[in-house]
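> Here's a structure for you.
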Amino acid sequence: MNRTFLTLLLSLALAACGRGRAAAPPAGDAVAVRVAPVSVDWIAPPVTATGTLGPKEEVTLSFKVGGVVSRIFVDEGRAVRAGDTLAELDLSEIDAAVVRARSAAEKAERDLTRARRLYADSVATLEQAQNAQTGRDVAHAELETTLFNRRYALIVAPASGLILRRSAEPGELVQAGKAILILGSHARGVVVRAGLADREVVRIRRGDRAVVRFDALPDRTFDGAVTEIAGAADPLTGTYRVELTVPTASGLASGLIGRVEISPAAAGPLMLVPIESLLEADGVNATVYALAPDGRHAERRAVRIAFLAGDRVAIASGLEGVAAVVTDGAAYLDDGAALAVRP
C-alpha cells in the first residue's frame, strides 16, 4: 500500500472526526446524513510511472563516408519534409574518386573489347580474355561503390518530422557513421516512454488504457494506451521500458515529462465507495458506516482498503451485503444510531 495514499486517508478521517466531535447532535436525535451507493466494478490498482514524450520513430542520420562537413541546412526544432536535403560533405575528394573510378571502368571496357578481338584472331589466349572480363567487372563494381558513397555524402530526410538534435557544424571533420542529426518522425505517432519495475510490468498488457499528465500542462489530461512492453530489463536500471501511444499529444514538444497512470485489466470485481465515507483510517484498515437494511439506522463496519481510485476507494472486504454507505454526517455516528437520510 502506498504510504502517501494511507497518510492522505488518515488525514481525511482525522479531520472528519474532529469536525464531528465539535458539533455532535444531542443524544437520541436522528442524525441527518447523506448516503452514497456502493458500486461494484472490475477495477485494479493503477500502475504509475514517470516518462518522457517523444516520437515513435527517432532516426539517427549520418554520412556513409567520412569527410569535412560542408553545409547543414537545418537547426534543432526545424520541421522537415521527406526528401529534403539536410546536410552535405565537401564533395571535392568524393567527386575525384568518382571520376577516377569512371575512367578505370571505361578503360576496362576498352581492354575487354580488345582482348575479345585478339582472342577471336587467336592472338590472345582464353585466359587473357577472361582476365579482361574480370577486370571490367571489378572496375564497374568500384564505380558503383563510389557512386553509392557519393549519394550518401548527402543526408536526405527519410520521412517528414522534426529535427531533435544537431551534433555537427560546417567545417568539422567527421567519421563515417557519426550521428549528425536526430530526426523525430511523426509517421507512427508520438509515445511516452517510461520504465517500470518487474512487479509492475507483469500486471500490464498491450492495449491497457492510460492517462498522461504533463507538468508543463497541469490543466490537461491525455488519453493513451500501452503499445509496447520490453521483453527484457535494462541492464543499467533494471527496469522494463514501456511505450504508451498518446495520439492527442502529437503537437507537443518532444521531451516533456509526463506522469503516467495505467489501468491494467482487473482480476475480479471490487466494491467502491466515496473517499469521504471512510473514518479512522489506519494503514489498510478503516471504518465505514453502512445504511442498515431498514434504511433508518447506521451499521459500523470495519473494512479493508485495496487502493485509491480517483475520488473513490476500492474496498477489499467488509462491505458484503451493503448497498449504501454514509458520507456527510458519518463522523457524528455510533453503531446503531438513528438516521435521517437527506436527499
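The values are calculated or read from the model by the stated rules, or taken from the named source; none is laboratory data. Only a predicted model underlies this, so the values are computations on that prediction, with no experimental measurement involved. So basically every Cβ, Gly included, is an ideal-geometry build from the backbone, and we count neighbours across all protein chains shown.
> Among the residues in segment 262-272, are any polar (S, T, N, Q) and either in contact with a helix residue (DSSP H, G or I) (Cβ under 7 Å, 6 or more places away or on another chain) or outside any strand (DSSP E or B) (or both)?
Step one: list which residues in segment 262-272 are polar (S, T, N, Q), which gives 263.
Remaining after also requiring either in contact with a helix residue (DSSP H, G or I) (Cβ under 7 Å, 6 or more places away or on another chain) or outside any strand (DSSP E or B) (or both): none.
The answer is no, given that none of the residues of segment 262-272 is polar (S, T, N, Q) and either in contact with a helix residue (DSSP H, G or I) (Cβ under 7 Å, 6 or more places away or on another chain) or outside any strand (DSSP E or B) (or both).
> Also, quick follow-up: State whether the residues of segment 86-100 include one that is more than 26 Å from residue 156 (Cβ to Cβ) and assigned to a loop (DSSP other than H, G, I, E, B).
Scanning segment 86-100 turns up no residue that is more than 26 Å from residue 156 (Cβ to Cβ) and assigned to a loop (DSSP other than H, G, I, E, B).
> Go through 79, 36 for me and flag whichever is surrounded by 15 or more Cβ atoms within 10 Å (Cβ to Cβ) and in contact (Cβ under 8 Å) with a residue 60 or more places away in the chain.
Being surrounded by 15 or more Cβ atoms within 10 Å (Cβ to Cβ) and in contact (Cβ under 8 Å) with a residue 60 or more places away in the chain holds for just one of 79, 36, which is 36.
> Given the structure, is residue 253 in a loop (DSSP other than H, G, I, E, B), among the small types (Gly, Ala, Ser) and either buried (at least 16 other Cβ atoms within 10 Å of the Cβ) or within 27 Å of the chain's Cα centre (by Cα) (or both)? Don't jump to the end; show me each part of the working.
Working: in a loop (DSSP other than H, G, I, E, B): yes; among the small types (Gly, Ala, Ser): yes; either buried (at least 16 other Cβ atoms within 10 Å of the Cβ) or within 27 Å of the chain's Cα centre (by Cα) (or both): yes.
Here the answer is yes, as residue 253 does meet what is asked.
> Give the residues of segment 301-333 that are modelled with pLDDT of 90 or more and among the acidic types (Asp, Glu), sorted by residue number.
Answer for segment 301-333, where residues must be modelled with pLDDT of 90 or more and among the acidic types (Asp, Glu): 320, 328.
> Checking residue 68 against (1) part of a loop (DSSP other than H, G, I, E, B); (2) surrounded by fewer than 17 Cβ atoms within 10 Å (Cβ to Cβ); (3) among the aliphatic types (A, V, I, L, M); (4) within 45 Å of the chain's Cα centre (by Cα), only one condition comes out false. Which one?
The number of the failed condition is (1).
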